[in-house]
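The structure under discussion is supplied below as structure tokens; questions concerning it will follow.
Here, each number is a calculation from the coordinates, and none is a lab measurement. For clarity, every value in this text was computed on a predicted model and none was experimentally measured. Ideal geometry is used to build each Cβ from the backbone, glycine not excepted, and the neighbour counts take in all protein chains shown.
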Amino acid sequence: MPQTTDPMRDVRRWLWAVASLVAGMVMLGGATRLTGSGLSITEWNVVTGVFPPLTDAAWLAEFEKYKAIPQYQQINKGMSLADFKFIYFWEWAHRLLGRIVGFAFAIPLAFFWWRGKIGRALGWKLVVLLFLGGLQGFIGWWMVASGLSVRTDVSQYRLAIHLTLACIIFVALIWVATTLLPKKEGAGRRGKVIAVALIALSLVQVFFGAIVAKTNAGLTFNTWPLIDGVFHPKREQLFLLEPWWRNIFENVMAVQFNHRMTAYLLWFAAFGYALWQMRHAAAREAWILFALITAQAVLGIVTLLYAVPLALGLAHQAGAVVVLAFASYHAAKLGSYN
């Protein structure tokens with residue numbers, strides 16, 4: 001058999017496959033949140049949690065555990081067992097996919113390392129990613145735990161950290177895989193700093209989006225471009241709470257306003273970057289990125305106007321994943337093609 005001219009092809013395909021699984025995790029997490037399913041499993045059983053309840057008695061036992069938390073007692077009291085099974089399924093599927101992602105990363109990592117396909121520099125990057133994956137699982141439980149004793153839902157602070165870290169892992173997987181592409185002439189490094197800044201700003205927007213989702217800010221002020229009849233609310237409306245920083249996370253008007261303003265900033269930044277790249281080799285990709293960000297912005301507006309129905313909410317989250325994927329691929333290529 002002839003030797004392949006691309007020795008990193010299998011490693012690269014593996015990383016892209018894992019990135020696809022992480023994207024699925026983000027989407028499944030969104031469905032779990034939008035269906036109100038995130039607190040249906042009240043324990044973190046790493047091994048036995050792989051399987052859902054398999055008998056009627058086991059289902060009743062899980063249901064009794066759920067009945068003991070504030071969400072059931074204050075919001076879902078009287079829920080049927082069939083309804084409980086529905087929300088349980090989403091959370092169980094989310095946790096199961098998380099385990100699958102872990103194995104899909106760790107086992108091939110060990111295999112490729114054993115085969116000598118991973119050098120020291122790449123190895124350290126992948127070990128950091130493995131650590132971040134484990135940390136993400138811990139943060140997921142830390143988030144769920146915030147809603148089991150006093151609250152009727154999870155903390156918006158913890159949810160934002162959980163979602164943003166998932167997206168950081170996704171970006172890193174795409175980035176590392178892209179840098180393993182065979183070297184080519186042409187693209188150079190022009191605009192790399194700006195391209196990376198667009199990724200960072202997109203992650204900030206994801207963070208703010210998570211705060212919007214958890215505070216139900218998308219269910220209020222369902223007009224655009226005005227919010228509560230004005231483009232820019234008064235200062236006292238945006239700084240209603242003390243200390244001032246609480247408004248970023250807890251003041252519904254400020255939460256939605258911040259998400260809007262960051263979207264405008266991202267759109268203008270992407271537009272300016274595309275114009276600048278017209279004088280350089282990466283213009284086509286820069287305009288594709290701008291088009292994706294524009295489509296995501298339009299989808300966000302429509303989602304707001306219709307008060308976040310499940311389908312549009314998931315589509316908007318999927319749009320964020322697509323933007324991050326292409327932005328990461330584009331920026332990493334600017335560094336790997338010399």
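Just how many pairs of Lys in the chain have C-alpha atoms closer than 29 Å, counting pairs that are eight or more places apart or on different chains?
Step by step, the pairs that qualify in the chain add up to 24.
Related question: Using label points projected 7 Å from each Cα along Cα→Cβ, tell me how many nm separate residue 48 and residue 265, to one decimal.
Result: 4.8 nm between the two label points.
While we're here: Run the helix sum for the chain: -39,500 (n - 2.57) per DSSP H stretch of 4+ residues, divided by residue count, reported at 222 nm to the nearest 500 deg cm²/dmol. Could the numbers behind the result be given before it?
Working: 12 runs with 235 residues, N = 338.
Computed mean residue ellipticity for the chain: -24000 deg cm²/dmol.
Output the relative contact order of the chain, whole-number percent, from Cα pairs under 8 angstrom with separation of 6+ residues.
Numbers: 376 pairs, mean separation 77.9, N = 338.
Normalised by residue count, the contact order of the chain is 23 percent.
While we're looking at this one, here's another question. Compute the Rg to Rh ratio over segment 84-133 from the alpha carbon atoms, using the Kirkwood formula for Rh, and round to two decimal places.
Values: Rg = 15.1 Å, Rh = 12.5 Å.
Dividing the radius of gyration by the Kirkwood radius yields 1.21.
Rounded to whole Hz and in sequence order, give me ³J(HN,Hα) for segment 44-54 from the Karplus expression 6.51 cos²θ - 1.76 cosθ + 1.60, θ = phi - 60°, writing x for Gly and Pro.
10, 9, 4, 8, 5, x, 4, 9, x, x, 10
Using a simple spin-label model with points 7 Å from Cα along the Cα→Cβ vector, what separation in nm is obtained for residue 9 and residue 311?
That separation, rounded to one decimal, is 4.1 nm.
Right, another one. Could you go through segment 266-277 in sequence order and give the Karplus-derived ³J(HN,Hα) for each residue, using 6.51 cos²θ - 1.76 cosθ + 1.60 with θ = phi - 60°, rounded to whole Hz, and x for Gly and Pro?
In residue order, the calculated couplings are 5, 4, 5, 5, 5, 5, x, 5, 5, 4, 5, 6 Hz.
Can I ask one more? Apply the Karplus parameterisation 6.51 cos²θ - 1.76 cosθ + 1.60, with θ equal to phi minus 60°, to every residue of segment 134-142 and state each ³J(HN,Hα) to the nearest whole Hz, in sequence, with x for glycine and proline.
x, 4, 4, x, 5, 5, x, 5, 4
Shifting gears a bit: When 43, 236 are ordered from fewest to most other Cβ atoms inside 10 Å of their Cβ, what list results? Display every interim value, and only then the final one.
Values: 43 11, 236 7.
By the 10 Å Cβ count, ascending, the order reads 236, 43.
Expressed as a whole number of Å, what is the distance separating the alpha-carbon centroids of segment 57-83 and segment 201-264?
Comparing the Cα centres of segment 201-264 and segment 57-83, I get a distance of 33 Å.
Which of the peptides 205-217, 60-72 is most tightly packed, and how do the rest follow, judged by the mean count of other Cβ atoms within 10 Å per residue?
Details: 205-217: 22.1, 60-72: 16.4.
Order by mean packing, descending: 205-217, 60-72.
Could I get the Rg over Rh figure for the chain? Both from C-alpha atoms, Rh via Kirkwood, rounded to two places.
Details: Rg = 21.9 Å, Rh = 21.8 Å.
Taking Rh as the inverse mean 1/r over Cα pairs, Rg/Rh reads 1.00.
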